[in-house]
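Shown next, in structure tokens, is the structure this report addresses.
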């Protein structure tokens with residue numbers, strides 16, 4: 001999970017042809033735009049971002065007022081590291097169709113990425129009032145992340161709990177609810193919630209397993225921690241979390257099972273340069289699991 005990622009909200013048309021029987025020019029133009037649009041969106045799924053940009057630009061030239069095309073074009077610019085262009089296009093798409101929830105979610109994410117937290121919060125708060133948006137658990141999750149970044153522990157916990165109430169299997173919210181307790185040194189509650197965060201469809205959340213091991217260490221349950229670290233190394237080889245687990249496991253063996261202060265100090269050293277990307281790393285698991293389930 002080295003790559004920062006997120007739940008990408010894309011539009012995708014499965015039926016390409018809107019050409020009428022009389023073959024009028026407007027229908028032909030729309031048909032061509034849909035072909036480029038579908039191809040570009042498929043490129044985004046496949047992480048072929050240059051191809052996606054080229055195809056979606058062609059679609060945009062043919063249908064410059066189509067908010068779905070503009071949304072996906074914006075995200076191709078985002079993946080090409082042109083965040084300013086992506087933001088402008090999403091604002092444009094939102095002006096064309098204020099009811100396009102995909103656009104709002106993507107714009108909110110970009111604001112979070114660029115640390116414009118108040119703008120992001122406003123978007124998600126507005127979305128949370130919608131009676132027709134089907135992914136409120138993600139809205140609440142994002143509001144929880146914003147509150148967490150603002151060091152509002154109570155607010156973050158409240159939003160993560162709302163997210164879980166909407167979708168009890170949403171792995172990022174399960175993880176971060178446990179992390180709130182861990183960061184506030186309530187390790188017994190953290191242990192309970194980290195165990196919940198690796199059940200069922202969330203079993204493959206490597207970061208939850210890792211923090212479960214750290215919580216065992218904090219509670220002097222080092223034997224349990226060692227088993228969990230070994231599990232991570234075997235199950236997620238060649239990942240950052242496996243490397244961190246190997247280092248902690250080595251320190252346990254070197255310094256003794258009761259030396260939890262040294263072990264957790266080493267953990268902090270490992271994480272001091274990576275904490276800012278961790279939220280997105282955890283959320284990337286959900287992207288892998290449901291393969292962009294917000295497709296139109």
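Could you pull out every one of the helices (runs of 4 or more DSSP H) wholly within region 128-204 that has 1 or more residues that are under 23 Å from residue 110 (Cβ atoms)?
Numbers: elements: 136-149, 153-166, 171-183, 187-196.
Correct list: 136-149, 153-166, 171-183.
Mind telling me which of the residues 222, 198 ends up being in the same structural domain as residue 240 (by TED's automatic domain parsing), modelled with pLDDT under 95 and at negative phi? Talk me through it step by step, then tell me what you get.
Values: 198 fails: modelled with pLDDT under 95.
Of 222, 198, the one residue that is in the same structural domain as residue 240 (by TED's automatic domain parsing), modelled with pLDDT under 95 and at negative phi is 222.
If you check residue 91 against the conditions, is it out of contact with any strand residue (DSSP E or B) (no Cβ under 6 Å at 6 or more places or on another chain), more than 17 Å from residue 47 (Cα to Cα) and touching a residue at least 24 places away in the same chain (Cβ under 8 Å)?
Criteria not met by residue 91.
Out of 104, 136, 150, which single residue is in contact (Cβ under 8 Å) with a residue 12 or more places away in the chain, more than 20 Å from residue 207 (Cα to Cα) and exposed (fewer than 14 other Cβ atoms within 10 Å of the Cβ)?
Numbers: 104 fails: exposed (fewer than 14 other Cβ atoms within 10 Å of the Cβ); 136 fails: exposed (fewer than 14 other Cβ atoms within 10 Å of the Cβ).
On inspection, the qualifying residue turns out to be 150.
Check off (1) surrounded by fewer than 15 Cβ atoms within 10 Å (Cβ to Cβ); (2) in contact (Cβ under 8 Å) with a residue 40 or more places away in the chain for residue 165 and give me the number that stays unchecked.
(2)
Quick check on region 199-232: of everything there that is without any contact (Cβ under 8 Å) to a residue 24 or more places away in the chain and over 14 Å from residue 244 (Cα atoms), which residue is surrounded by the most Cβ atoms within 10 Å (Cβ to Cβ)?
Checked region 199-232; the qualifying residue surrounded by the most Cβ atoms within 10 Å (Cβ to Cβ) is 221.
Would you confirm, using the coordinates I've provided, whether residue 112 is assigned by TED's automatic domain parsing to the domain that holds residue 134, touching a residue at least 60 places away in the same chain (Cβ under 8 Å) and surrounded by 19 or more Cβ atoms within 10 Å (Cβ to Cβ)? Don't jump to the end; show me each part of the working.
Numbers: assigned by TED's automatic domain parsing to the domain that holds residue 134: yes; touching a residue at least 60 places away in the same chain (Cβ under 8 Å): no; surrounded by 19 or more Cβ atoms within 10 Å (Cβ to Cβ): yes.
Answer is no for this residue.
Residues in region 60-83: is at least one part of a helix (DSSP H, G or I), surrounded by fewer than 16 Cβ atoms within 10 Å (Cβ to Cβ) and touching a helix residue (DSSP H, G or I) at 6+ places or on another chain (Cβ under 6 Å)?
Within region 60-83, the subset part of a helix (DSSP H, G or I) is 60-62, 67-79, 83.
Subsequent filtering for residues that are surrounded by fewer than 16 Cβ atoms within 10 Å (Cβ to Cβ) retains 61, 83.
So of that shortlist, the ones also touching a helix residue (DSSP H, G or I) at 6+ places or on another chain (Cβ under 6 Å) come out as none.
No; the residues of region 60-83 include none that is part of a helix (DSSP H, G or I), surrounded by fewer than 16 Cβ atoms within 10 Å (Cβ to Cβ) and touching a helix residue (DSSP H, G or I) at 6+ places or on another chain (Cβ under 6 Å).
Any residue in region 118-125 that is in a helix (DSSP H, G or I), more than 17 Å from residue 155 (Cβ to Cβ), out of contact with any strand residue (DSSP E or B) (no Cβ under 7 Å at 6 or more places or on another chain) and touching a residue at least 24 places away in the same chain (Cβ under 8 Å)?
no
The values are calculated or read from the model by the stated rules, or taken from the named source; none is laboratory data. These numbers come from a predicted model, not from an experiment. Every residue, glycine as well, gets a Cβ built from its backbone with ideal geometry; the counts of neighbours run over all protein chains shown.
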